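To start, the structure under review is shown below, and the notes come after it.
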Amino acid sequence: MSTHGKGARLIAMLMGAFLIVTAASKLANMPRFAAQVTSYELLPEEWAPGVAYLVACAELLVGVTLVMGVFPRLALAASIALLGVFVIAVGWGWLRGCLEECGCFGELLDRTPAQAMAEDLALIALLVASYRYHPPVDPKRVAGRRRVCGVLAVLIVAAMANGWSYVPSRAEVLDAQVAGLPGRRLDSIPGYGGKPIAIPSSPTIVVFISTRCRHCIHSLPQLDDLYSQRGNIGFMVVAVNKRPDIPEFRRRFRVRFPILAAPYPQLTHLVHGVPEVLLVHNHRIVDAWPLPPGIGEVSHSLATEGQPRAPEPPPDEHEG
């Protein structure tokens with residue numbers, strides 16, 4: 001076998017292992033990955049959980065095929081197509097300003113859209129080279145591996161067919177965006193020029209938005225209501241996208257509340273998606289919402305501060 005052929009096989013196997021790891025990471029936290037798919041704004045929100053599950057399962061199936069070394073050229077073509085879809089989706093989200101973290105690695109690694117596109121394009125180049133130089137396989141030598149791969153493929157497809165119950169609900173997807181935030185300390189928000197934006201110790205609603213995010217724009221009426229009904233509760237809205245034209249945004253959408261700006265790269269520990277609404281009191285996050293809450297929810301969170309949340313009651317069954 002030539003040096004090119006050995007290199008092509010090595011690339012295929014490493015890419016297969018890479019896809020298996022990333023698929024496992026996505027499947028381990030499907031609500032979070034589905035929330036990231038939603039942030040691309042390529043699909044209707046109700047489609048995002050199912051599409052996220054299919055993408056993760058497809059990655060797993062292609063990864064197993066590459067590692068086993070069966071149907072290598074077909075599997076390489078499929079992996080090129082998958083990465084091509086990722087590049088298009090990331091480019092779309094980045095262009096619209098609605099995406100700050102790509103989610104391609106699941107929970108393993110956060111990457112900016114620029115990093116994601118550069119790395120995915122580099123991987124596509126390697127895969128194209130592997131496809132070009134990968135040697136043909138001897139059917140007799142891989143017959144056993146094909147049988148094993150076939151069994152694994154059947155198991156994966158069966159899991160997909162029976163796995164729609166594992167597709168996260170819309171509520172789970174929304175909750176994943178703000179998971180882990182309540183209870184964190186928040187004294188200030190990093191601002192531009194090294195000047196932090198101070199958070200008062202009194203009850204304050206802190207909202208993170210992007211001036212180019214469709215979901216944020218749709219949430220403006222609810223935010224406006226919350227601003228007008230908040231009483232003595234502080235209200236702070238922060239745009240985290242690059243180069244937000246705040247005066248034009250406020251004029252175009254008739255926004256009444258003031259909007260500040262902060263750099264997202266310094267807020268990745270705090271902002272998991274936009275819009276994101278935090279209730280802060282005594283420099284602690286009391287509650288967090290992925291969509292603007294009503295003033296009643298805010299008041300209830302302040303009244304029950306420090307108490308564990310009661311489980312949500314099951315939906316009422318309709319009587320026949």
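Nothing in this text is a laboratory measurement; each read-out follows from the coordinates by a stated rule. The structure presented is a predicted model; accordingly, all values stated were derived computationally and were not measured. A quick note on method: Cβ atoms are made from the backbone with ideal geometry, for glycine too, and the neighbour counts reach across all protein chains shown.
A few remarks follow.
- In this structure, residue 198 and residue 218 have a Cβ-Cβ separation that, at R0 = 51 Å, corresponds to a calculated FRET efficiency of about 0.95.
- At the listed q of 0.11, 0.14, 0.17, 0.19 Å⁻¹, the Debye profile of the range 180-303, built from one uniform point per Cα, gives log10 I(q)/I(0) equal to -0.33, -0.54, -0.83, -1.06.
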